[in-house]
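The next block holds one structure in the form of structure tokens; read it before the comments.
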Amino acid sequence: MLDIGSGKLVFASGRRSEKGVYTVSRFSTAAYDGFYKGQWMSEDKLGDDVRGVVLSAGGDAPRVLYVGVPCDFLEYRNNFVRHVLPSARTVTSGLIDEIYARGNLFGSDKDRTVIASAACGFTLDGGYVVDPIGKQTSSVECTVTYILCDREFCSRIEKIARSAGADKICFVSAFWAESVRLIDEDYRKRGALVLDIGFSTSSAAYVKGDGFEAHSSQAVGGAHIPGDLSQVLGISYGEAERLCGQINLGFADDETYMLDTARGVVSFGADKANGIVKARLDDLAGLVRSVCPESADKLFVTGGGLLAVKGAVGYLGNSLGLNAEMFAPGVPMYSKPQYSSVFGTFDAADKIERSNTVLSRLLDKIRR
């Protein structure tokens with residue numbers, strides 16, 4: 001699978017066993033110019049960048065390539081569907097497909113195509129459930145999240161992937177995949193608040209069941225923090241990145257950071273430097289508030305954007321009045337927040353390849 005981040009490409013190949021053990025046979029990463037607000041920064045280099053990260057992993061060209069699509073090229077639209085049956089019957093995957101098809105009103109969209117659909121749980125005769133398969137009911141109600149991908153994005157990536165040797169390409173929302181595959185179902189049944197902070201883009205969602213009750217993205221990421229420090233403190237971006245490595249939001253205001261710069265060793269008061277960082281974190285807190293229901297009490301944070309800043313997750317939690325914690329995939333050697341979207345997509349792709357479960361039907365919307 002190929003994960004397309006705002007500042008990095010990741011290619012991974014392998015499988016996940018029935019017991020949840022990952023076997024990663026090929027893995028490679030590469031920094032690239034990325035995108036900003038849905039526009040490629042170096043569109044003419046994109047093909048070489050993608051082919052390069054695939055080739056650098058070694059081995060044969062991927063026959064089937066699953067692409068983790070970033071939120072900049074996606075829209076999430078919800079539709080409520082109610083289906084009344086003539087009599088009580090057992091819910092099957094075919095019935096769920098019929099319900100999803102009935103609620104899909106987006107086939108005429110000229111700019112976007114539906115790549116997946118997933119429900120925010122189901123209300124049956126017996127009440128709310130996340131997985132209705134095998135249960136008896138006379139009616140089914142659900143809010144379905146339809147994930148629409150930019151057609152131009154699909155065409156461009158499909159062309160590049162075929163030039164890299166892939167015969168079949170499947171597009172998966174990376175943020176959706178990490179949210180529903182890496183966060184426990186018990187949390188998602190109650191509702192889970194998720195924030196992914198990337199290089200230049202961040203996304204927040206309130207996840208219910210396998211769908212998004214609310215979602216929002218913003219062109220703010222980890223790269224903006226050294227950018228702010230550079231601009232306000234009058235240091236280079238590289239120097240600001242090194243300063244980020246020292247930032248600790250738990251420091252008292254009268255403490256000092258010392259930085260070796262082109263002008264020599266310079267000191268910065270923690271009150272000013274930390275204040276600059278907190279101002280940017282306040283933007284991210286606002287993003288979370290835009291999707292946060294009053295009932296939420298916990299925030300799951302992931303992505304590589306805040307790893308350099310000590311105390312950032314705690315500050316976000318305190319600002320929002322939530323218990324905030326960082327999460328990462330439970331994969332040895334790759335159990336880091338920056339790999340959540342990679343292994344969320346990896347896990348979803350593996351499920352599609354080796355099973356014909358309801359999840360595969362939700363995801364397997366391959367462009368034809």
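Observations, loosely collected:
- For the range 248-309, carbon and sulfur atoms together expose 46% of the accessible surface, with a 1.4 angstrom probe and every protein chain in place.
- Annotation for the range 57-125: trypsin sites (Lys or Arg not before Pro) lying in DSSP loop with at most 16 further Cβ atoms inside 10 Å of their Cβ are ARG63, LYS110.
- Of all DSSP beta bridges confined to the range 166-233, the antiparallel ones make up roughly 100%.
- For the chain, built as a Gaussian network whose Cα springs stay under 10 Å, the top-fluctuating residue of THR143, THR261, THR113: THR261
- When the chain is treated as a Gaussian network with alpha carbon springs shorter than 10 Å, the biggest mean-square fluctuation among LYS298, LYS135, LYS37 belongs to LYS135.
- Exposed loop sites here mean GluC sites (Glu not before Pro) with a DSSP loop assignment and at most 11 other beta-carbon atoms within 10 Å; the chain contains its longest site-free run at 19-293.
- The range 123-230 - percent of accessible surface contributed by carbon and sulfur, probe 1.4 Å: 42
- Chain lengthening between LYS272 and ASP48 when straightened (0.36 nm per residue, less Cα-Cα): 76.4 nm
- Of the solvent-accessible surface of the range 13-98, computed with a 1.4 Å probe over protein heavy atoms with every protein chain present, carbon and sulfur atoms account for 46 percent.
- Spin-label model, ILE133/MET258: points 7 Å from Cα along the beta carbon direction are separated by 6.1 nm.
- Beta bridges from DSSP with both residues in the chain: antiparallel share about 75 percent, rounded to the nearest 5.
- Annotation: per residue accessible area for the chain equals 43 Å², rounded to a whole number [probe 1.4 Å, protein chains only].
- Point-charge dipole on Cβ atoms (K/R +1, D/E -1) for the chain, about Cα centre, debye to 20: 1020
The values are calculated or read from the model by the stated rules, or taken from the named source; none is laboratory data. These numbers were taken from a predicted model, which means no experiment stands behind them. Virtual Cβ from ideal backbone geometry, glycine too; neighbours counted across all protein chains shown. The protein model used for the area step is the full one, side chains on, heavy atoms only, and it has no ligands, DNA or RNA in it. Shrake-Rupley method; radii C 1.70, N 1.55, O 1.52, S 1.80 Å.
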